[in-house]
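Down below is the structure, laid out as structure tokens.
The values are calculated or read from the model by the stated rules, or taken from the named source; none is laboratory data. Note that the coordinates shown come from a computational prediction; the quantities given were computed from them, not determined experimentally. For neighbour counting, all protein chains shown are included, and Cβ atoms are generated from backbone atoms with ideal geometry for every residue, glycine included. Ligands, DNA and RNA are stripped out before the accessible areas are found, and what is left, the full protein with its side chains, is counted by its heavy atoms. Shrake-Rupley method; radii C 1.70, N 1.55, O 1.52, S 1.80 Å.
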Amino acid sequence: MKSILFSIAAAAILSFSFLPATGKGNITEKFTVYGNCGMCKARIEKALQVKGVKYAVWDKETHIATVKFNPEVVTLQQLHQLVADAGHDTDLVRAKDEVYQNLHSCCQYERPVLK
Ligand SMILES: [Cu+2]
């Protein structure tokens, strides 16, 4: 009997440890952000430093932004918008042409074709 109780307890502990480690309601999303260089990286990551975002990293090789955030504080759509407002197209939101044109010349990435 004792051993059965023990295995139930062990199973309970194990299943807890298999819960996704999201912290306090944080989720991690990845999406494409168009950009070129280290300046773009700094700009994109700075744009994503808002309330509700735990961390934001943009990879200049893959153009993938990885953002850990609390969806109850900020939505994924808002994150896309923040990046677009900074001049960088995402796979969801296109930056305004005038903002794009004001980017440093080395940052004027090749824009994705309009759908
Ligand atoms: Cu750049």
Handout entry: In the stretch 40-56, the residues that are part of a strand (DSSP E or B) and open to solvent by 70 Å² or more (accessible area, probe 1.4 Å)
Key = Lys54, Tyr55
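Would you pick out the residues in the stretch 69-92 that are surrounded by 19 or more Cβ atoms within 10 Å (Cβ to Cβ) and more than 18 Å from Gln49 (Cβ to Cβ)? Quick ask: steps written out before the conclusion?
Just the residues of the stretch 69-92 that are surrounded by 19 or more Cβ atoms within 10 Å (Cβ to Cβ), to begin with: 69, 79-80, 82-84, 86-90.
Within the stretch 69-92, Asp89 is the sole residue that qualifies.
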Exercise for the section: State which residue pairs qualify: first residue under 18 Å from Thr32 (Cβ atoms) and inside the stretch 92-109, second residue modelled with pLDDT of 95 or more and within 8 Å of the ligand (Cβ to nearest atom) in any location, beta carbons under 6 Å apart, and separation of 6 or more residues or different chains. Expected result: Cys107/Asn36; Cys107/Met39; Cys107/Cys40; Tyr109/Gly35; Tyr109/Asn36
Practice task
Would you mind telling me which numbered condition in (1) more than 16 Å from the ligand (Cβ to nearest atom); (2) open to solvent by less than 50 Å² (accessible area, probe 1.4 Å); (3) in contact (Cβ under 8 Å) with a residue 60 or more places away in the chain Cys37 fails?
Solution key: (1)
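Which one is nearest to the ligand (Cβ to nearest atom) among residues in the stretch 83-115 that are part of a loop (DSSP other than H, G, I, E, B) and small (Gly, Ala, Ser)? Step through it out loud before you land on a result.
So the first thing to find is which residues in the stretch 83-115 are part of a loop (DSSP other than H, G, I, E, B), and the list is 86-89, 91-96, 102-104, 108-115.
Of the ones still in play, those that are also small (Gly, Ala, Ser) are 86-87, 95.
Values: Ala86: 11, Gly87: 9, Ala95: 13 Å.
Ranking the candidates gives Gly87 first.
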